[in-house]
Amino acid sequence: MTELGLRFAITLTQISVIVGIVIVTVLLLTLAERKVLGWMQDRMGPMEVGPYGSLQPFADAIKLFFKEDIMPAGANKFLFTAAPLLALIPAFIGFAVIPWGPDETWEIGGIAVKPFVISDINVGILYILAFASLGAYGIILGGWASNSKYSLLGGLRSAAQIISYELNVGLSIVGILILSGSLSLVHITNAQEGWFWNWYAFKPWAPQFIALAVYVISTVAETNRVPFDLPEAESELVAGFFTEYSGLRFAFFYLAEYANMVLVSCVASALFLGGWNAPYPGTLLSLIGFPSLAWIENTMWFAFKTYSFLFLFFWLRATLPRLRYDQLMRFGWKVLLPIALANIVITSIIVFIQEQLK
Amino acid sequence: MTTPSAPPTRLKLREWLKTITFYEIAVGMKATLMHLLNYKPITLQYPHEKRTLPDNYRGMLALLRYDDGTEKCVGCDLCEAACPSRVIRVVSAEVPGEPTKRYSKEYYMDMTRCLFCGMCVDACPVDALGMTREFEWAVYDKRQLHLNKQQLLAIGDRSFPVREKRLEFQHPNTAFFNVAFTHVPPKPD
């Protein structure tokens, strides 16, 4: 009983730490996005709240918290309330299988604990994809339940877009699954140890950088970010599926969008760029005599890779205009899908030849 | 007979390579990155720092006084006639005790309509109107922008501390033409 209780307490601690980190990252991202976008456009971004606008996320959070919560007339009350949660929960739930640090096992109170991953399930990547698709329900239902034409159109667009691009996300990952022979993110990350050419993006003979490009483009579309932000195209649809949302529910949608960004960046760095592995074998901290602190360096590498992807999201937003709807669909189905399929075929042929040559 | 359709435009190899390597997007992203690295914002943090106004800035209108404190305005209504948006209303009257002189008994400006063209200032024969460099006149109540004579004089007092002498004490040419012909020497008294 005490062991179960201890296990429970440890898992809860892990969950709360990771949710805390994600929420802090989202707060940082809301500020960083406005700042980076401003700097790229010769503006300053928020400057008023705190020194150089550094407290702006808290001001935004307080504002959203105290805003009036409006329910439009004719809205489906149950779905209107459920939709933000349906968007938020799948965005956060995926973090359970992300390995944040080295695959170590710590002894805490006589129990073996893997501190850097909440649960190492053997279908981790499948689990993330499944919950990412569930997140689309939140958007579609939110658009439908609002009883507003803009919301409905945003929701419909989002449904079509997410279905189209999720296919490409799934197919671009298959090459890595062939190479690693596992669906577990922990196993995939462990297999990329050593020099940086062991990362699957640069793996000799079967580099997956084309798959990485397909993955990044598709995840930008899947998280409804510029240049694929048609579900919330403000020049056409006011704010798309969350036009009618305000206050805390709007904050939930906002949080879900950013949490999804963080999640896909984490997955991208874990799958393609070696996750927590440094670009050199081992770690510098263990080399200079602190092997017990090596996890700090590994975690920092993971954070660096993830934040680089997040920066790429902002960078794309500052650069590219929005696609037209037919361009979006054509690009997804006629360009990215054949590339992803060809990548699978080529990767499997190469892997097959390598196996035969062994 | 159907006319043979034009052959499908084939991409040249160079353009095809540019397309598959995202060349245009890379150029655009380089541009934004260069702006990020050579960060020179053109923003002015307005309430904390203000831009320098040009010399001929046309700001809030004001009524002026002579250096002895008497009002310049002679109530001629020319500003009211010149105003294209009917901002100004002048109620003219004789100066009590001096039947040859007139002044504006009441003078109203509806600044909600003013477009700051400066025509009233040009029209004034005695330079009784001036344009100050004030521009922060945002108010919560629109009625606060209906200004009367006292308010307009107060604006003039705070914006033009250096006042002219009375017309009759100035150069005689100025007194007649309202223009200072400074190259003409004044007549000896």
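Being in a loop (DSSP other than H, G, I, E, B), out of contact with any Asp or Glu (no Cβ under 9 Å at 6 or more places or on another chain) and without any contact (Cβ under 8 Å) to a residue 24 or more places away in the chain: is that true of A:Pro204 here? It is true that A:Pro204 is in a loop (DSSP other than H, G, I, E, B), out of contact with any Asp or Glu (no Cβ under 9 Å at 6 or more places or on another chain) and without any contact (Cβ under 8 Å) to a residue 24 or more places away in the chain. All of (1) assigned to a helix (DSSP H, G or I); (2) under 18 Å from the mean Cα position of the chain (by Cα) hold for A:Ala294 with one exception: (2).
B:Gly75 falls short on exactly one of the conditions (1) away from chain A (no Cβ under 14 Å); (2) within 30 Å of A:Lys35 (Cα to Cα); (3) buried (at least 17 other Cβ atoms within 10 Å of the Cβ), and that condition is (2).
Candidates A:Pro46, A:Pro72: the one that is within 14 Å of another protein chain (Cβ to nearest Cβ), assigned to a loop (DSSP other than H, G, I, E, B) and either more than 19 Å from the chain's Cα centre (by Cα) or farther than 30 Å from A:Val97 by Cβ (or both) is A:Pro46.
Does the range B:51-71 contain at least one residue that is under 30 Å from A:Met40 (Cα atoms) and either within 11 Å of chain A (Cβ to nearest Cβ) or among the hydroxyl-bearing types (Ser, Thr, Tyr) (or both)? The answer is yes, given that some residue of the range B:51-71 is under 30 Å from A:Met40 (Cα atoms) and either within 11 Å of chain A (Cβ to nearest Cβ) or among the hydroxyl-bearing types (Ser, Thr, Tyr) (or both). Checked across the range A:61-68, the condition of being acidic (Asp, Glu) and surrounded by 16 or more Cβ atoms within 10 Å (Cβ to Cβ) holds for no residue.
Checked against the criteria, A:Pro279 does not count as within 14 Å of chain B (Cβ to nearest Cβ) and outside any helix (DSSP H, G or I).
Residues of the range A:49-69 that are part of a helix (DSSP H, G or I), away from every other protein chain (no Cβ under 14 Å) and within 22 Å of A:Ala318 (Cβ to Cβ): A:Gln56, A:Pro57, A:Asp60.
Here A:Pro279 qualifies as surrounded by fewer than 23 Cβ atoms within 10 Å (Cβ to Cβ), in contact (Cβ under 8 Å) with a residue 12 or more places away in the chain, closer than 23 Å to A:Phe202 by Cβ and in contact with a helix residue (DSSP H, G or I) (Cβ under 9 Å, 6 or more places away or on another chain). Against the numbered list (1) touching a residue at least 12 places away in the same chain (Cβ under 8 Å); (2) closer than 24 Å to A:Arg249 by Cβ, A:Met40 comes up short only at (2).
Against the list (1) within 26 Å of A:Leu212 (Cβ to Cβ); (2) part of a helix (DSSP H, G or I); (3) out of contact with any Gly (no Cβ under 6 Å at 6 or more places or on another chain), the condition A:Pro102 fails is (2). For B:Gly118, the requirement of being within 25 Å of B:Gly69 (Cβ to Cβ) and either surrounded by 14 or more Cβ atoms within 10 Å (Cβ to Cβ) or at pLDDT below 90 (or both) is not met. Among the residues examined, A:Glu193 does not qualify as surrounded by fewer than 21 Cβ atoms within 10 Å (Cβ to Cβ), outside any loop (DSSP other than H, G, I, E, B) and not β-branched (Val, Ile, Thr).
Considering the range A:178-190, and only residues there that are within 22 Å of A:Ile118 (Cα to Cα) and aliphatic (A, V, I, L, M), the residue that is surrounded by the fewest Cβ atoms within 10 Å (Cβ to Cβ) turns out to be A:Leu183. For the range B:26-36, the set of residues classified as of a type outside the set (A, V, I, L, M) and at the interface with another protein chain (Cβ under 7 Å from one of its Cβ atoms) consists of B:Gly28, B:Thr32, B:His35, listed by residue number.
Applying the set (1) over 27 Å from A:Gly143 (Cβ atoms); (2) among the charged types (D, E, K, R); (3) part of a loop (DSSP other than H, G, I, E, B) to A:Lys35 leaves exactly one unmet item: (3). Against the conditions (1) touching a residue at least 12 places away in the same chain (Cβ under 8 Å); (2) surrounded by fewer than 21 Cβ atoms within 10 Å (Cβ to Cβ), A:Thr105 satisfies every one except (1).
Which one of A:Ala342, A:Ala303 is within 14 Å of chain B (Cβ to nearest Cβ) and part of a helix (DSSP H, G or I)?
Values: A:Ala303 fails: within 14 Å of chain B (Cβ to nearest Cβ).
That would be A:Ala342, the only listed residue that is within 14 Å of chain B (Cβ to nearest Cβ) and part of a helix (DSSP H, G or I).
Quick check on A:Gly143: is it modelled with pLDDT under 85 and either crowded, with 17+ Cβ neighbours inside 10 Å or part of a helix (DSSP H, G or I) (or both)? Criteria met by A:Gly143. The selection criterion, being of a type in the set (Asp, Glu), within 13 Å of chain A (Cβ to nearest Cβ) and farther than 30 Å from B:Phe135 by Cβ, does not hold for B:Glu98.
In the set A:Thr243, A:Thr319, only one residue is under 21 Å from A:Thr30 (Cα atoms), within 14 Å of chain B (Cβ to nearest Cβ) and not aliphatic (A, V, I, L, M); that residue is A:Thr319. Checked against the criteria, A:Val24 does not count as free of Cβ contacts under 8 Å to residues at least 12 places away in the same chain, aliphatic (A, V, I, L, M) and over 30 Å from A:Ser184 (Cβ atoms).
Only one of B:Tyr23, B:Tyr39 is at pLDDT 85 or above and at the interface with another protein chain (Cβ under 10 Å from one of its Cβ atoms); which? It is B:Tyr39.
The set of residues from the range A:201-221 being surrounded by 24 or more Cβ atoms within 10 Å (Cβ to Cβ) and either within 27 Å of A:Ser119 (Cβ to Cβ) or touching a Cys at 6+ places or on another chain (Cβ under 6 Å) (or both) comprises A:Gln208, A:Ala211, A:Tyr215, A:Ser218, A:Thr219. Answer yes or no: is there a residue in the range A:292-299 that is surrounded by 19 or more Cβ atoms within 10 Å (Cβ to Cβ) and either within 30 Å of B:His35 (Cα to Cα) or out of contact with any helix residue (DSSP H, G or I) (no Cβ under 7 Å at 6 or more places or on another chain) (or both). Yes - at least one qualifying residue is present in the range A:292-299. When restricted to residues that are within 26 Å of A:Ile139 (Cα to Cα), of a type in the set (Phe, Trp, Tyr) and touching a Leu at 6+ places or on another chain (Cβ under 6 Å), the range A:38-84 contains 0.
The values are calculated or read from the model by the stated rules, or taken from the named source; none is laboratory data. Quick caveat, the model's predicted, so the values are computed rather than measured. Cβ coordinates were reconstructed from backbone atoms using ideal geometry, including for glycine residues, and neighbour counts include every protein chain displayed.
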